[in-house]
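Below is one structure, written out as structure tokens; comments come after it.
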Amino acid sequence: MNDIDPMFNDFIDYWIKKTYKLTEEQKSEINSSLQELKDAHSEKDVEKIKVSMDNVNTTFQGVSANLYSQGSGETNEEEDREVNDVDFEEVKG
């Protein structure tokens, strides 16, 4: 039963950071699976918690795969740099 807290917190942290990229349907799916897990946890029903955790994991994997396939939309600073060829002269001394 103690497994729920770190997993739940990691999920919530990730979801909050990426929520702007989620569709309303995905948000609804996530909220539904999270509420199911919260209810199971408050009822202290171990079997229901296991099923709910599996459901949250499945939902999370589906949404994560979708976000990954969309790309982050963020660019690396090095990728943004413009590269220019320049002429140079070798100086021998």
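Values for this structure:
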| read-out | value |
| --- | --- |
| Residue in region 40-57 that is modelled with pLDDT of 80 or more and hydroxyl-bearing (S, T, Y) present | yes |
| Pairs, first on the phi > 0 side of the Ramachandran plot in region 33-44, second modelled with pLDDT of 90 or more, C-beta under 8 Å, six or more apart | none |
| Residues located in region 28-47, provided they are part of a helix (DSSP H, G or I) and over 24 Å from the mean Cα position of the chain (by Cα) | S42, E43, V46, E47 |
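The values are calculated or read from the model by the stated rules, or taken from the named source; none is laboratory data. Computed from a predicted model, the values in this text were never measured in an experiment. Every residue, glycine as well, gets a Cβ built from its backbone with ideal geometry; the counts of neighbours run over all protein chains shown.
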